[in-house]
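Structure, as structure tokens:
The values are calculated or read from the model by the stated rules, or taken from the named source; none is laboratory data. For clarity, every value in this text was computed on a predicted model and none was experimentally measured. Note: ideal-geometry Cβ built from the backbone for every residue, glycine included; neighbour counts use all protein chains shown. These area figures cover heavy atoms from the full protein model, side chains too; ligands, DNA and RNA do not enter into them. Shrake-Rupley method; radii C 1.70, N 1.55, O 1.52, S 1.80 Å.
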Amino acid sequence: MKKTFHGKWICAEEFSHLIPRNMYHKEHSPALFNLSENDPKNLHYIFKKSFTLRKTPGRYILRISADDYGKYYLNGNFIGQGPTPGYIESYHYNEFDVTDLLCNGENELSAHIYYQGLRNRVWISADLRMGLIADLYAPDGKVILSTDESWTYTELKNYSTTGFYGELVQFVENYDSRISKGEFKKAFLKQNDDIIFADAPTRPVDVYEIEPVRVEKLENGAIFCDFGTEKTATVRLVANGKSGDEIRILCGEEVDENEYKVRYMMRCNCLYDEKWILADGENTLDQFDYKAFRYMTLVPSSEDVDIKSIKAVVRHMNFDDNACTLEADDKVLEAVFDLCKNGVKYGSQEVFVDCPSREKGQYAGDMTVTSGAHLWLTGDVYMLEKGILDHARSAKICKGLMAVLSGALMQEIADYSLQFPLLLLRHYAFTGNKEFLASMLPFAEDMLAHFAKYAREDGLLDGVKDKWNLVDWPRNLRDSYDFELVKPIGDGAHNVINAFYVGSVLKVEEIKDILGIPHQNDGKKLAEVFNSAFFRKDLGVYVDREGSDHPSLHSNMLAPFFGFVPKGYEESVAAHLMNKGMVCGVYMSYFYMRGLCKLGKHGFVYDLITSKGENSWYNMIRDGATACIEAWGKDKKDNTSFCHPWASAPITVLIEDLLGVSFDGTVGDHHIPEIAGHIKMKIPTAIGEVNIDI
């Protein structure tokens, strides 16, 4: 096995002899351990090493990783941060070019390492693994510095462990600047090292400072800041004061009528209310963990506090705002495009997060929507490919694949697993990479074999009990779906899971056709069985379950999407979908609109994208959103986040289905209605930039 690091994992003394916990289990199976109040949590450490260097021409590369997460510095200058969340069998690391930060003579490499200790969607934490590992490579390829027992460390005691945000994703960062760093002591080696590294480094997020676009002094002495749009960022402040002075930091996604203007008790159940205690003189606060916010109010405890600098340190994966642009006569279309673009940009962290506030996790089904939009917006397949690999690696936990990818919260959603082949075909459409496609096919086949265990004699799935049957979310946007979606699901065959299953079988067969692998055309036969069970010829539509008379929107959108509506009934299904309108959630709107486009109803789909109705993207804008949000409006879901890229379907639908652009750069006939007026668009594809002017 290739040795990724010459250095050793170093850690704090209290972690050195701990036996790592196995965090993996099926969702409905008990965890292999119980969390304890005495478990380590919310711990910050500084590790450092001084060394002497005689620089030679060429590039110096730092290879580094941390558990759970680290921010890295050379001679006091920020290098970068990471790693990407990952499973311990394919743990991630970063490589940074540090040539320009090194100097002849004395240098110091340091790392701020964080162990969170919570079981959530963010990292594989609460596992008692903590530490730092690094190698510094000279231009000749030799390792000139590695982590070992000669490094020193100290714990940062400035952070208080009081409260957390959202679904246990982040601790409140109350910070006391009066507390100095403790004495540095010798680092310890991790005695139980079971981590295996991934084959290649991952990219770090881009990190950069911005200032507020508007600052307002309130009558009560507070300072209100507007950063222009939703951001994913940390807070960086500089202030003068006396020891014990405080600054209250309130962040939020909306303004409010309270005395501080910002709605810091956010709809997504994050109470962004933190306290910074100052020391004498000038103080700098550089928060560690990120939030999602647009507005911030600073409340000094005294008139003597002088806030000298207010900045947000924005973070997201590499994103060129100019790679994909839209100019249109239809300003609603422009506004919806920008809304979705912002959601994808700030929701693309080291992974595709469902939201950068309440959950901060990568969900497989969200990725179906987000990765398509991201690929069109950036022309960069990196995030999609890494997401596919994360999905495949979850097969170690369940061959039927997990819903939360590379996090310690074990959640399974049947609908999401069955979309895995869609991601593979998207990757192939952009790259033409048959080798990667072939390497992923066994995971897709194993996934189908897992679900086949629930198949009855005719092949339809009956009672998929080990995974949540989602259909749509929130519950009130399932269009009165006529099947009890309890967890675990009861006996019986229902439409949506079986539609995804049929589609998944068909897509795996499409992959085999691309690879020249023979198969039995089971998908076509299964589609016929599906139509026999759920299609009502007397109604001309699909119903939700066998014996039902209820034809929900959801039960009629997937057959068109996957292309197995009974011949001769395309118009009746299309008419039903159009009559229903957008009574689904933002996630399933992706399948709804693309299914309608396959039925030839492009003009109606354009009207959906530019609608100003109650369930529309424009309604998000009307509610003050600057990034696509979790539901159709701020009051449409009880914990709505204002940045949720699973709502970015209009980008893919506009480019692929309405403009007729393919990932290989082919431009077919467009289906933009005349009422739209002029549209000019720059779109990245696998062969370069495509320009649309219609």
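A compact table of results
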| item | result |
| --- | --- |
| Scope region 30-72; condition in a loop (DSSP other than H, G, I, E, B), among the small types (G, A, S) and modelled with pLDDT of 95 or more; matching residues | G58 |
| Filtered residues of region 89-110 (kept if among the hydroxyl-bearing types (S, T, Y), open to solvent by 10 Å² or more (accessible area, probe 1.4 Å) and assigned to a loop (DSSP other than H, G, I, E, B)) | none |
| Enumeration of residues in region 134-170 that are open to solvent by less than 50 Å² (accessible area, probe 1.4 Å), among the small types (G, A, S), outside any strand (DSSP E or B) and at pLDDT 95 or above | A138, G141 |
| Residue among G131, G86 that alone is crowded, with 23+ Cβ neighbours inside 10 Å, farther than 23 Å from E149 by Cα and in contact (Cβ under 8 Å) with a residue 24 or more places away in the chain | G86 |
| Within region 499-516, considering residues that are out of contact with any His (no Cβ under 6 Å at 6 or more places or on another chain) and without any contact (Cβ under 8 Å) to a residue 24 or more places away in the chain, the one most open to solvent (accessible area, probe 1.4 Å) | D513 |
| Helices (runs of 4 or more DSSP H) completely within region 575-694 that count 2 or more residues being in contact with a helix residue (DSSP H, G or I) (Cβ under 8 Å, 6 or more places away or on another chain) and farther than 17 Å from L339 by Cα | 589-598, 602-609 |
| Region 231-278, residues that are among the basic types (K, R) and either assigned to a strand (DSSP E or B) or over 30 Å from M317 (Cα atoms) (or both) | K231, R236, K242, R248, K261, K275 |
| All positions within region 1-48 that are hydrophobic (A, V, I, L, M, F, W, C), farther than 22 Å from A198 by Cβ and under 25 Å from the mean Cα position of the chain (by Cα) | A31, L43 |
| Filter result for the condition that a residue is out of contact with any Lys or Arg (no Cβ under 8 Å at 6 or more places or on another chain) and under 21 Å from F288 (Cα atoms), over E209, E183, E167, E173 | E173 |
| Filtered residue count, region 528-572, keeping only those that are in contact with a Pro (Cβ under 9 Å, 6 or more places away or on another chain), among the hydrophobic types (A, V, I, L, M, F, W, C) and free of Cβ contacts under 8 Å to residues at least 40 places away in the same chain | 3 |
| Test for S125: is it in a loop (DSSP other than H, G, I, E, B), among the hydroxyl-bearing types (S, T, Y) and over 32 Å from the mean Cα position of the chain (by Cα) | no |
| Scan of region 293-325 for residues that are aromatic (F, W, Y) and in a strand (DSSP E or B), ordered by number | F293, Y295 |
| Among the candidates Y569, Y542, Y618, residue that is at pLDDT 95 or above, hydroxyl-bearing (S, T, Y), open to solvent by less than 10 Å² (accessible area, probe 1.4 Å) and on the phi < 0 side of the Ramachandran plot | Y542 |
| Residue check for G547: open to solvent by less than 60 Å² (accessible area, probe 1.4 Å) and on the phi > 0 side of the Ramachandran plot | no |
| Unmet criterion (only one of (1) among the hydrophobic types (A, V, I, L, M, F, W, C); (2) in contact (Cβ under 8 Å) with a residue 40 or more places away in the chain; (3) open to solvent by 20 Å² or more (accessible area, probe 1.4 Å)) for L599 | (2) |
